[in-house]
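Accompanying notes for the structure given below.
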Amino acid sequence: MGAGTSPADRAASATGPADEQAGATADAAAEGSTAAASTADPGDASAADTADVPASGADERTGSHPEPGPAARRSRRFPSFTRDTARPEGGGRAAGGDAPAPARQWPLLAVLCTAGAGLLIVAADPFDQAFRIGTILIGVALVGGAVLRLLVPSVGMLAVRSRFTDLVTYGLLGVLIVMLSLMAQPEPWLDIPFLEDAVHFTIR
């Protein structure tokens, strides 16, 4: 045993140069595989990744309509904010779709024009009893809206709520306005004692 030699050196001398050459060859092969992996095409990696996808994925639904899960089911609770409202009964177009817009909304335009004429007469006051005539026109417009709501199947935007609600609202307001205009002072055209007493009682 020579001086300055370690057990590792003795093992290396015992194995001989053949084992050293084999170890060098293994190191070179490892370095070559590392270089090949670093210079590989990214498309190859993606192809390898896609090749690892299980065949069961082909049965799954893809695209813009995925399979609805438990979380995607529609809730029975009412939403906090509504995006649209249902069209009221009889709220369709009063004329065909090929007709111009005024013709499709002629019930609403008739009511608005009559009420507008009454307001214009009241504001201009061009003749005696203009206030009474103009107010009567406004009430007649509302009563006419109730009649149109009852007789015409589709009245367009004149339909605000259900048919019954619109009939009661238009008709009641129209009749009240006409009655009050007929009973307006001075020289009322209609004399109803109990209504006069009710008015006097509320004014006191």
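Computed from the coordinates by the stated procedures, all read-outs in this text should not be read as laboratory data. Source: prediction; values computed, not measured. Neighbour counts are summed over all protein chains in view; Cβ atoms, including those assigned to glycine, are modelled from backbone coordinates with ideal geometry.
Things to note:
- FRET efficiency estimate (nearest 0.05) - Cβ-Cβ, residue 113 to residue 189, R0 22 angstrom: 0.35
- Computed from backbone phi, the HN-Hα couplings of region 119-124 come to 4, 5, 5, 5, 6, 7 Hz, rounded to whole numbers (Karplus: 6.51 cos²θ - 1.76 cosθ + 1.60, θ = phi - 60°; Gly and Pro given as x).
- Each of residue 165 and residue 101 was given a label point 7 Å from its Cα along the Cα-to-Cβ line. The distance between the two points is 2.6 nm.
- Amide H contacts of residue 154: none lie under 5 Å away among residues 5 or more positions distant or on a separate chain (H built 1.01 Å from N in the peptide plane; Pro and chain starts excluded).
- Each peptide in 181-190, 157-166 receives the mean, over its residues, of other Cβ atoms within 10 Å, and ordering these scores from highest gives 157-166, 181-190.
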